[in-house]
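Visitor: Let me begin by handing over the structure; questions about it come next.
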Amino acid sequence: MSILARLKISQRIFVVGVASLLGLLLVTGLAMMELKLSLQHSFETRTKQTLDVAYSQLERFHAEEAAGRMTRAQAQKAAAAAVNSLRFGKLGYFFMFDNDMTMVAHPVKSELVGTNVRDKTDAVGKMHYREMREKAAGPDGGGFVRYQYQMPNGEGIKEKLSYARGFAPWGWVIATGVLNDEIEAALWHDAGNLAKMVLFVILLIGGVIWMIGRSITLPLRSLTERMRSLAGGNVTDAIPGIERKDELGDMAGALQVFREQAVAKEEAQAAKAKGDAEQQMIVALVSDKLERLSDGDLTSKIDEDVPGSYAALKRNFNTAIANLSELIGALADASHGIETGATEIAAASDDLARRTESNAASLEQTSAALSQMNDRLKSSAQSADRTVDCTQSAIAMVDTGRSTAEQATGAMDRVGESARGIDDVIEGLDKIAFQTRVLAMNAAVEAGRAGEAGRGFAVVADLVSALAMRAEEEAHRAREQLTATQSDIGIAVDAVRSVDTALANITGSVQQVHEFVESMATDNRAQVVTIGEIASAMNTMDQSTQQNAAMVEQTSAAARNLAGEVRTLTRQSSRFTVEQREGSARRIPAMAAPSERGAKTAASPKAATRTEAVKPKPAMPPRNVQPVAAAAMSAAGGAEDDWASF
């Protein structure tokens with residue numbers, strides 16, 4: 001910071017520009033390095049992808065071999081020919097050798113085909129074929145190898161990057177490569193474009209820095225010259241640049257404030273001299289009036305003329321004196337009435353204490369009566385609850401009877417259905433008997449025709465006919481009996497249904513009784529709660545009444561103490577001189593000595609003893625009643641001794 005403090009703003013801006021240019025050059029260098037790495041990675045990726053194309057040819061012919069359409073020799077030969085024919089770029093080609101390092105295909109150096117390249121080296125003696133086989137046999141199945149390549153046709157030595165990949169089914173290694181010249185050519189091409197862009201940015205930054213420096217230094221120079229003139233006392237010339245909205249405009253605004261303050265300072269100095277003289281006069285006048293006020297003269301108002309800036313002080317002082325005089329006069333006039341009122345309050349408090357005691361006894365009796373009423377209501381509520389339970393049981397029994405009646409009705413209906421079925425059976429038997437009798441008659445006729453030979457058969461026919469007639473008669477009797485039974489069953493069903501209807505009506509009536517009794521039980525419980533709350537409230541009122549009695553006793557003592565304090569207040573206010581309404585001054589008279597009864601009351605020790613016994617409970621402190629001092633309490637008296645029980 002100390003070094004920057006010694007530099008001008010223009011020099012600082014120049015330093016910022018130089019730092020920006022250096023940063024830009026550094027970023028450009030890093031970008032070049034990143035570009036080189038990116039191009040190398042791009043060429044490596046392209047080389048791998050190109051080799052994958054040739055590798056797919058090997059896979060294709062191996063598939064032909066696996067399908068049986070070619071022998072291995074035919075497939076390998078066709079694959080070598082296909083790979084030899086593949087080209088990419090200007091000088092790109094593929095070559096292959098097997099695991100024994102025997103060259104299988106090489107379109108550029110055909111003299112190597114069929115030879116072992118295990119001991120072949122590059123231009124600097126590196127055994128690059130061995131490294132290619134090791135990369136192909138590695139866990140990744142391939143890898144890159146850098147070496148110095150001897151260009152054919154005497155074009156010299158160039159660095160080359162090759163990628164080798166193993167083809168496991170045939171034990172071959174296929175490889176291709178790219179010359180480093182291609183990578184460098186692409187790098188220099190992109191570097192040239194980047195250099196042009198950087199040069200343009202440098203020129204643009206330089207121009208912007210020059211413009212920004214001029215826009216700052218020129219206005220600063222004008223402001224500096226105006227500051228010097230303002231320091232010399234020139235407050236008339238305008239401040240340059242005050243209309244600007246930037247930091248220079250803020251500086252000009254601050255300088256304008258200094259200019260306005262300089263003008264205001266000259267005006268303030270003249271006004272201060274005048275104000276000091278007026279202030280000294282007012283201080284002397286107010287001091288005189290306050291001295292007279294301290295002597296008790298409440299008629300010492302400011303009647304002299306004062307400057308306009310102190311008119312409010314004069315008005316407020318005179319108003320305060322008038323209000324104070326009125327207040328003291330009102331206090332003096334009211335103190336006489338307060339003493340009389342305090343005595344009357346004490347007598348009224350004694351009478352109120354006796355009435356409060358009577359109220360407390362009545363409340364206690366009322367509380368006891370409410371407790372008995374609460375117990376009786378609880379008993380009634382319990383009886384109502386038992387009645388509700390009984391009606392609930394009755395409803396359940398009636399519901400059970402209705403269920404039984406419904407079951408009996410169902411059973412009789414089923415008996416009626418069975419009777420109708422029996423009637424059908426009897427009708428069938430009647431028909432069978434009729435047919436049997438007809439057949440017996442036909443048999444008798446036929447036996448008669450047969451003569452002596454059919455006599456036995458005729459006897460049997462007569463017996464069958466008689467039996468059929470008896471069957472018809474019995475069927476007729478059974479039908480009559482069944483008809484009577486069905487009639488009786490119908491009457492029984494109607495009777496059961498009538499019983500069910502009666503039970504339903506009984507259930508409704510019992511349900512209504514249940515609802516009425518339950519409503520009564522609910523009302524009894526609510527009354528129990530209400531009576532309990534009333535009893536609690538009565539207990540609280542009883543306690544409050546007793547506390548009120550204690551507070552009334554204390555109020556009586558406080559009223560006597562108040563009378564003594566009022567006499568003291570009157571003696572203190574008698575030294576003041578106040579104005580009457582007619583405008584003349586008068587001195588407040590002192591109050592007469594206390595009466596003989598007040599002196600006897602002060603001498604009585606009973607009040608203090610009884611007041612200690614009737615202190616109010618701390619749970620309900622009296623409102624608007626200040627605690628009475630021990631000395632004042634000892635001076636109170638005049639209450640009955642029977643209040644000591646509180």
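The values are calculated or read from the model by the stated rules, or taken from the named source; none is laboratory data. Being a predicted model, the structure only gives us computed values, none of them experimental. For neighbour counting, all protein chains shown are included, and Cβ atoms are generated from backbone atoms with ideal geometry for every residue, glycine included. Heavy atoms of the whole protein, side chains included, go into the accessibility calculation; ligands, DNA and RNA do not. Shrake-Rupley method; radii C 1.70, N 1.55, O 1.52, S 1.80 Å.
Visitor: How much space per residue, in cubic angstrom, does the convex hull of the C-alpha atoms of region 452-531 take up?
Guide: Numbers: hull volume 5.7 nm³, N = 80.
Considering the Cα atoms of region 452-531, their hull volume per residue is 72 Å³.
Visitor: Here's another thing I want to ask about it. Where does the charge balance sit around Val425 when Lys and Arg score +1, Asp and Glu -1, over other residues with C-beta under 14 Å from its C-beta? Walk me through the intermediate numbers first.
Guide: On the way: positive: Arg420, Lys431, Arg479; negative: Glu417, Asp423, Asp424, Glu427, Asp430, Glu474.
Once all neighbours under 14 Å are counted, the net charge is -3.
Visitor: Still on this model: Roughly speaking, to the nearest percent, how much of region 286-385's 1.4 Å accessible area is carbon and sulfur?
Guide: Working: 3050 of 5830 Å².
Within region 286-385, the accessible surface is 52 percent carbon and sulfur.
Visitor: A further question on this structure: Which residues' amide hydrogens lie under 5 Å from the amide hydrogen of Asn99, considering only partners 5 or more residues apart or on another chain, with H built in the peptide plane?
Guide: none
Visitor: For Lys265, what accessible surface area do you get with a 1.4 Å probe? Give it in Å², rounded to 10.
Guide: 130
Visitor: Using the Kirkwood radius over C-alpha pairs as Rh, can you work out the diffusion coefficient of region 97-211 via Stokes-Einstein at 10 °C, viscosity 1.306 mPa s, in µm² per second? Please list the in-between numbers first.
Guide: Numbers: Rh = 16.9 Å.
For these conditions, the coefficient is 94 µm²/s.
Visitor: Right, another one. Using the basic label-point model (7 angstrom from Cα toward the beta carbon), what is the Leu429 to Ala369 distance in nanometres?
Guide: Simple spin-label model gives 8.8 nm for this pair.
Visitor: Take Asp389 and Arg414, extend 7 Å from each Cα along the Cα→Cβ direction, and tell me the distance between the two endpoints in nm.
Guide: Each label point lies 7 Å from its Cα, and together they span 3.9 nm.
Visitor: Still on this model: Please identify every one of the GluC sites (Glu not before Pro) in region 268-354 that sits in a loop by DSSP and has no more than 11 other beta carbons within 10 Å of its own beta carbon. Intermediate values should be presented prior to the final figure.
Guide: On the way: sites: Glu278, Glu291, Glu304, Glu326, Glu339, Glu344; in loops: Glu304.
Those satisfying the criteria are Glu304.
Visitor: Further, regarding this structure: Taking only protein heavy atoms into account and a 1.4 Å probe, give the accessible area per residue of region 190-331 in Å².
Guide: Values: 9330 Å² over 142 residues.
Each residue of region 190-331 exposes 66 Å² on average to a 1.4 Å probe.
Visitor: Please report, as a whole percent, how much of the solvent-accessible surface of region 99-257 comes from carbon and sulfur atoms (probe radius 1.4 Å). Before the final figure, lay out the partial values.
Guide: Working: 5180 of 8940 Å².
Ligands and nucleic acids excluded, carbon and sulfur reach 58 percent.
Visitor: Let me ask another. Please calculate how many Å² of accessible area region 1-150 carries per residue, with a 1.4 Å probe and no DNA, RNA or ligand atoms counted. Write out the running numbers ahead of the final one.
Guide: Numbers: 9130 Å² over 150 residues.
In whole numbers, region 1-150 has 61 Å² accessible per residue.
Visitor: Which of the GluC sites (Glu not before Pro) found in region 158-259 are loop residues per DSSP with 16 or fewer other Cβ atoms within 10 Å of their Cβ?
Guide: Working: sites: Glu159, Glu182, Glu184, Glu225, Glu243, Glu247; in loops: Glu243.
Loop-located and lightly packed - Glu243.
Visitor: Continuing with this model, one more query. Using a 1.4 Å probe and counting only protein heavy atoms, arrange Leu30, Leu203 so the residue with the most accessible area comes first. It would help to have the intermediate numbers written out before the result.
Guide: Numbers: Leu30 100, Leu203 125 Å².
Output order, biggest surface exposure first: Leu203, Leu30.
Visitor: Expressed in nm to one decimal, what extension gain is obtained for the pair Asp237 and Asp98 from 0.36 nm per residue of sequence separation less their Cα-Cα distance?
Guide: Working: separation 139, 0.36 × 139 = 50.04 nm, distance 9.83 nm.
Separation in residues times 0.36 nm, less the Cα-Cα distance, equals 40.2 nm.
Visitor: On to the next question. Region 211-265 to region 13-56: how many Å between their Cα centroids?
Guide: What the calculation gives is 52 Å, centre to centre.
Visitor: Once you place label points 7 Å from the Cα toward the Cβ at Arg244 and Asp399, how far apart are they in nm?
Guide: Placing both labels 7 Å beyond Cα along the Cβ direction yields 9.9 nm.
Visitor: Karplus couplings for region 494-511 from phi (6.51 cos²θ - 1.76 cosθ + 1.60, θ = phi - 60°), rounded to Hz, Gly and Pro as x?
Guide: Working through the residues one at a time gives 4, 5, 5, 5, 5, 4, 5, 5, 5, 5, 4, 5, 4, 4, x, 5, 5, 5 Hz.
Visitor: Moving on. If r is the Cβ-Cβ distance from Ile212 to His41 and R0 is 35 Å, what FRET efficiency results, to the nearest 0.05? Intermediate values should be presented prior to the final figure.
Guide: On the way: r = 41 Å, r/R0 = 1.18.
So, using R0 = 35 Å, E works out to roughly 0.25.
Visitor: A further question on this structure: Rounded to the nearest percent, how much of the accessible area of region 432-530 (1.4 Å probe, protein heavy atoms only) is carbon and sulfur? Write down the numbers at each step before the final one.
Guide: On the way: 4150 of 6630 Å².
With neighbouring chains kept in place, the figure for region 432-530 is 63 percent.
Visitor: Can you give the FRET efficiency to the nearest 0.05 for Val286 and Thr224, using r as the Cβ-Cβ distance and R₀ = 45 Å?
Guide: Working: r = 52 Å, r/R0 = 1.15.
The formula returns an efficiency of 0.30 here.
Visitor: Once fully extended, how much extra length lies between Ala73 and Thr483, figured as 0.36 nm per residue of separation less the alpha-carbon to alpha-carbon distance? Walk me through the intermediate numbers first.
Guide: Numbers: separation 410, 0.36 × 410 = 147.60 nm, distance 11.48 nm.
My answer for the length gained is 136.1 nm.
Visitor: For region 187-235, place one equal point scatterer on every Cα, skip the solvent, and apply the Debye formula. What is log10 of I(q)/I(0) at q = 0.15, 0.19 Å⁻¹?
Guide: Log10 I(q)/I(0), no solvent term: -0.59, -0.71.
Visitor: Using a Förster radius of 35 Å, what is the FRET efficiency between Val108 and Met197 based on their Cβ-Cβ separation? Nearest 0.05, please.
Guide: Numbers: r = 40 Å, r/R0 = 1.14.
About 0.30, to the nearest 0.05.
Visitor: Could you please put Leu569, Leu112 in sequence from largest to smallest accessible area, using a 1.4 Å probe? Let's see the in-between values first.
Guide: Numbers: Leu569 80, Leu112 20 Å².
Greatest to least solvent exposure: Leu569, Leu112.
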